[in-house]
There are 2 protein chains.
Amino acid sequence: MPAPIEFYFDFTSPYGYLLAHRIDEIAAGHGRTTDWHPFLLGMAFKITGAVPLPEIPVKGAYSLHDIQRSARYFGLPYRHPTRFPLPTHSAARSFYWLQDHDAARARPFALACLRALFVEDRDISAPATVLDVAAAQGADRAALEQALADPAVKDRLRSETEAAIARGVFGSPFTIIDGEPFWGADRVPQIERWLAGGF
Amino acid sequence: MPAPIEFYFDFTSPYGYLLAHRIDEIAAGHGRTTDWHPFLLGMAFKITGAVPLPEIPVKGAYSLHDIQRSARYFGLPYRHPTRFPLPTHSAARSFYWLQDHDAARARPFALACLRALFVEDRDISAPATVLDVAAAQGADRAALEQALADPAVKDRLRSETEAAIARGVFGSPFTIIDGEPFWGADRVPQIERWLAGGF
């Protein structure tokens, strides 16, 4: 049984939103499973010196256009968020807490949270919004609200982010298959070929 | 008759090398022609604040790996150049001079020059190397050598680069089809879909 495919993303990454909706299906097509690792892209940017796309002259405007075209290419709806990028601590902490306490709801929650931001234009930096999204997925809102204030839950996200960076993750989405790194939703054709043993 | 597809690249761009070997075939598959526009990526980087890939922590190392995997994906040979990136003024000026004076040799020269750098590890920043490559393609070495010292030929590359930047070109390769911009060799699937009228 091969190791799970590791899928890293930040909840504020549009290309992460796209690949999150496909990676499990791609993996399953090759008899593989996945592990999801939300992390804080801003901490990786401190190492690479990268800046958020909207702040980059010329390339920023292109990227907004490319994101929308890429969403059409993936066959997914997309509405560029009013607030972008935004902090994703609450969303990522909620994911890990759900994974540990209500595992079956973690990924449906993550996908719903990404859609809340990139389709419904909701401000998922607000803990209340994240709790609403989780509750709508059937999670225990009160328990999750309490967890978000727990230092151990905060430490968990910090250590997950540090572990991601230690593995060389510097962008979102970032997929690692048997040690082979693939940055970007646009690496799907190479991911497919890798999984098919074609490299 | 639709307008030619515009293909922008810098001779020191590995992903430009890859797409240069495919773009004409992709265009022809949809009954389209191409115009090639080598330019100086460094001038665009001054606007976007981008830095050459090897200078970026973590991402730089990934990129070297990704370039080699992408070359395998494209089915093209690749040997990372000893000197990289390097100045491409002589190569780009030679391209435009050939286009104006010996048009049929311009693209074969460009492809040979890209292979000289990315397969044969030759230093194409040296005018002598560029002249050797051009001569091997049957170009008039002496006439081209004289042209490389001509201020008008230098002005031509400067104005081509300014025109590229004015069109929003900020990376290499960069393809514009009927006004629609596509950055990167990894946008081939979207270019194909665009040309098929699928967007």
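The numbers here are math on the coordinates, done by the rules we state, and not lab data. Bear in mind that the values here come from a model prediction, so they are computed numbers and not experimental data. With ideal geometry, Cβ positions are generated from the backbone for all residues, glycine too; neighbour counts draw on all protein chains shown.
Numerical summary
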| quantity | calculated |
| --- | --- |
| Fewest-first ranking of A:H89, A:H101, using other Cβ atoms within 10 Å as the exposure measure | A:H101, A:H89 |
| Total charge dipole magnitude, chain A, about the Cα centre, Cβ charges on Lys, Arg, Asp, Glu only, Debye to nearest 20 | 420 debye |
| Sparse-neighbourhood loop sites, trypsin sites (Lys or Arg not before Pro) in region B:62-109 - DSSP loop, at most 13 other Cβ within 10 angstrom | B:R79 |
| Alpha carbon centroid spacing (whole Å) that separates region A:1-37 from region A:106-164 | 18 Å |
| Dipole magnitude (debye, nearest 20) for the protein assembly as shown, charges at Cβ of Lys, Arg, Asp, Glu | 0 debye |
| Other-chain or far-sequence residues with amide H under 5 Å of A:I5's (modelled H) | A:T33, A:T34, A:D35 |
| Cα gyration tensor of the protein assembly as shown - equivalent ellipsoid semi-axes, whole Å, descending | 44, 20, 19 |
| Shielding by partners - mean other protein chain Cβ count within 10 Å, residues of A:59-66 | 4 |
| Projected area, mean over directions - region B:34-96, Cα convex hull, nm² | 5.8 nm² |
| Shielding score for A:34-44, defined as the mean number of other chain Cβ atoms within 10 Å | 0 |
| Sorted by Cβ neighbour density within 10 Å, fewest at the top, the residues B:Y78, B:Y15 | B:Y78, B:Y15 |
| Hz values of 3J(HN,Hα) by residue in region A:172-180 - Karplus curve (6.51, -1.76, 1.60), Gly and Pro given as x | 9, x, 9, 10, 10, 10, 6, x, 8 |
| Across the identical copies, how the B:D132 labels are spaced - nm, sorted shortest first, 7 Å along Cα→Cβ | 6.7 |
| Where rotation carries B onto A, the chain B residue whose Cβ is nearest that axis, in whole Å | B:D186, 2 |
| For chain B, diffusion coefficient by Stokes-Einstein and Kirkwood Rh (Cα), 25 °C, 0.890 mPa s, µm²/s | 143 µm²/s |
| Convex hull (Cα only) mean projected area of region B:80-192, reported in nm² to one decimal | 7.7 nm² |
